[in-house]
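Novice: Take a look at this one; I'll ask things after.
The values are calculated or read from the model by the stated rules, or taken from the named source; none is laboratory data. Since the model is a prediction, treat every value here as computed from it, not as a measurement. A quick note on method: Cβ atoms are made from the backbone with ideal geometry, for glycine too, and the neighbour counts reach across all protein chains shown.
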């Protein structure tokens, strides 16, 4: 359905995430990948979705000459717990600490998606609550050794083994935790296509 509405648009997905690439394929969207490297730093006063909004827009700023009928899509995801952002682990020890910190507790996952056209920029975000059971050190070590989730915020993927055995409860969009609030992307792209 989206393919028909976006027939006259050139969709640029500025993400190296295999999960986001998969979602766009599943949404039946024709897109090109164009990843620009940035330093993912944000002002310290920003909180929760303010951080992901800022970073998604910062990534969009790398695209200064957007053409007519082009839509550049940038995104960012963070794990939010105890009033601070948890990003991607630097190494295994960092990943162990993150998972121990998430164990037996509830955290939030924020994902922002920024849609930039020649005329306009729209940023949307979603928030999902995730509750982990108490994880044993053996479970944490097995997960890290087997799945190596070092490219994921919070050191875990909800779609991985740890999600099957470790997550007790989720409130909100499952796909948001994977890195893309798909229904919001669908809704926003339809709105852009119908307004142009």
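Novice: For the range 121-138, how many residues meet the condition of being in contact with a helix residue (DSSP H, G or I) (Cβ under 7 Å, 6 or more places away or on another chain) and farther than 30 Å from residue 72 by Cα?
Specialist: 3
Novice: Additional query: Can you tell me how many residues within the range 6-48 are part of a helix (DSSP H, G or I) and more than 18 Å from residue 116 (Cβ to Cβ)?
Specialist: Total meeting the criteria: 7.
Novice: When the range 111-128 is examined, which residues are found to be without any contact (Cβ under 8 Å) to a residue 60 or more places away in the chain and either within 20 Å of residue 20 (Cα to Cα) or surrounded by 22 or more Cβ atoms within 10 Å (Cβ to Cβ) (or both)?
Specialist: Answer for the range 111-128, where residues must be without any contact (Cβ under 8 Å) to a residue 60 or more places away in the chain and either within 20 Å of residue 20 (Cα to Cα) or surrounded by 22 or more Cβ atoms within 10 Å (Cβ to Cβ) (or both): 116, 126, 128.
Novice: Inside the range 135-147, can you point out the residues that are surrounded by 14 or more Cβ atoms within 10 Å (Cβ to Cβ) and within 24 Å of residue 22 (Cα to Cα)?
Specialist: Of everything in the range 135-147, those that are surrounded by 14 or more Cβ atoms within 10 Å (Cβ to Cβ) and within 24 Å of residue 22 (Cα to Cα) turn out to be 143, 144, 147.
Novice: Another question about this same structure. Please determine, by comparing only the residues of the range 174-186 that are in contact (Cβ under 8 Å) with a residue 40 or more places away in the chain, out of contact with any helix residue (DSSP H, G or I) (no Cβ under 7 Å at 6 or more places or on another chain) and over 18 Å from residue 133 (Cβ atoms), which one is surrounded by the fewest Cβ atoms within 10 Å (Cβ to Cβ).
Specialist: Out of the qualifying residues, it is 184.
Novice: Also: For residues in the range 163-173 being surrounded by 14 or more Cβ atoms within 10 Å (Cβ to Cβ) and under 18 Å from the mean Cα position of the chain (by Cα), which is nearest to residue 68 (Cα to Cα)? I'd like the intermediate steps shown before the answer.
Specialist: Here is the first cut: in the range 163-173, the residues surrounded by 14 or more Cβ atoms within 10 Å (Cβ to Cβ) are 163, 166-167, 170, 172-173.
If we keep only those that are under 18 Å from the mean Cα position of the chain (by Cα) as well, we get 163, 170, 172-173.
Details: 163: 42, 170: 40, 172: 35, 173: 32 Å.
Among those that are surrounded by 14 or more Cβ atoms within 10 Å (Cβ to Cβ) and under 18 Å from the mean Cα position of the chain (by Cα), it is 173.
Novice: What is the one condition in (1) crowded, with 18+ Cβ neighbours inside 10 Å; (2) at pLDDT below 95; (3) over 25 Å from residue 57 (Cβ atoms) that residue 150 does not satisfy?
Specialist: It is condition (1) that residue 150 fails.
Novice: Any residue that is farther than 29 Å from residue 10 by Cα, under 19 Å from the mean Cα position of the chain (by Cα) and modelled with pLDDT under 95 - is there at least one of those in the range 90-112?
Specialist: In the first step, residues of the range 90-112 are kept if they are farther than 29 Å from residue 10 by Cα; the result is 90-109.
If we keep only those that are under 19 Å from the mean Cα position of the chain (by Cα) as well, we get 90, 95, 98-99, 102, 106-109.
Restricting the remaining residues to those that are modelled with pLDDT under 95 gives 90.
Checked against the condition, which is being farther than 29 Å from residue 10 by Cα, under 19 Å from the mean Cα position of the chain (by Cα) and modelled with pLDDT under 95, the range 90-112 yields at least one hit.
Novice: Right, here's the next one. Among the helices (runs of 4 or more DSSP H) contained in the range 77-196, which hold 3 or more residues that are over 21 Å from residue 28 (Cα atoms)?
Specialist: Because the criterion is at least 3 residues that are over 21 Å from residue 28 (Cα atoms), the helices (runs of 4 or more DSSP H) in the range 77-196 that meet it are 92-102, 137-147, 161-166.
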